[in-house]
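In what follows, a single structure is set out as C-alpha cells and then discussed.
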Amino acid sequence: MELHHNVGMLFMRREFTTEGQLCRKCLNSAFWHHTLRNVTLGWWGTISFFMTWYFLATNLIAYLRARSELGEALPREAPRPSVVTGEEAQRILVPFEHNVRMLLRSGDAPETVARDLARTHGVEPTAAQHFVEQIRATE
C-alpha cells in the first residue's frame, strides 16, 4: 500500500511517500497526513496542481482498498480455527515490531496492543503479550 503527497514550490516540486503494511490506526494517520499536505501544499505550481489531484484520487483508492482488507471499521471478534503459539507466534509477529514500538511510544497500553496483535494475527494472547513486553524492555 502506498500513499503520496506533493509539495509545490512554484517552479519545483517534491514528492513524499509512505509505503508498507499498516495497522488500522497507522493507516488512518498516514492517509490524513498525506491528504492534508496535498490540500494545503500541493497546489503551488502547474505540474504540482495536476499531481495533487492525481495523488488525492490514488490515495483515496488505496485507502479504501486497504480499509476493506483490514475489515470493517470496528474490529470484531471472530473465532479462529487455530491459534498459533510459541516460536511460530514470534515469527508471525516479528514483522510488526516497528508498529508495536510506534503504538507504545504514542501511549497505547501494552495490554491493548498485545490483545489487538493476538486477534489480528491469530496468535495466542500470552505469546502476543510476551512479544510486546520484550519490545518494551528494549525501549
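Would you check if there is a residue in segment 29-42 being in contact (Cβ under 8 Å) with a residue 40 or more places away in the chain and either over 20 Å from Ser106 (Cβ atoms) or aliphatic (A, V, I, L, M) (or both)? The answer is no, given that none of the residues of segment 29-42 is in contact (Cβ under 8 Å) with a residue 40 or more places away in the chain and either over 20 Å from Ser106 (Cβ atoms) or aliphatic (A, V, I, L, M) (or both).
Restricting attention to segment 81-139, the residues being over 21 Å from the mean Cα position of the chain (by Cα), free of Cβ contacts under 8 Å to residues at least 12 places away in the same chain and outside any helix (DSSP H, G or I) number 1. Of Val83, Val132, Val94, all but one fail to be out of contact with any Cys (no Cβ under 6 Å at 6 or more places or on another chain), at pLDDT 90 or above and β-branched (Val, Ile, Thr); the exception is Val132.
Matching residues to (1) modelled with pLDDT under 90; (2) small (Gly, Ala, Ser):
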{"residue": "Phe16", "(1), (2)": "no, no"}
{"residue": "Gly20", "(1), (2)": "yes, yes"}
{"residue": "Lys25", "(1), (2)": "yes, no"}
{"residue": "Thr58", "(1), (2)": "no, no"}
{"residue": "Tyr63", "(1), (2)": "no, no"}
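When Trp44 is tested against (1) assigned to a helix (DSSP H, G or I); (2) outside the structural domain of Phe131 (by TED's automatic domain parsing), only condition (1) is not met. Whether a residue is part of a helix (DSSP H, G or I), of a type outside the set (Lys, Arg) and over 17 Å from Met1 (Cβ atoms) was assessed, and Phe55 does not pass this test.
The values are calculated or read from the model by the stated rules, or taken from the named source; none is laboratory data. Model, not experiment: these values are computed from the prediction. Quick reminder, even Gly has a Cβ in these numbers, built from the backbone with ideal geometry, and neighbours come from all protein chains shown.
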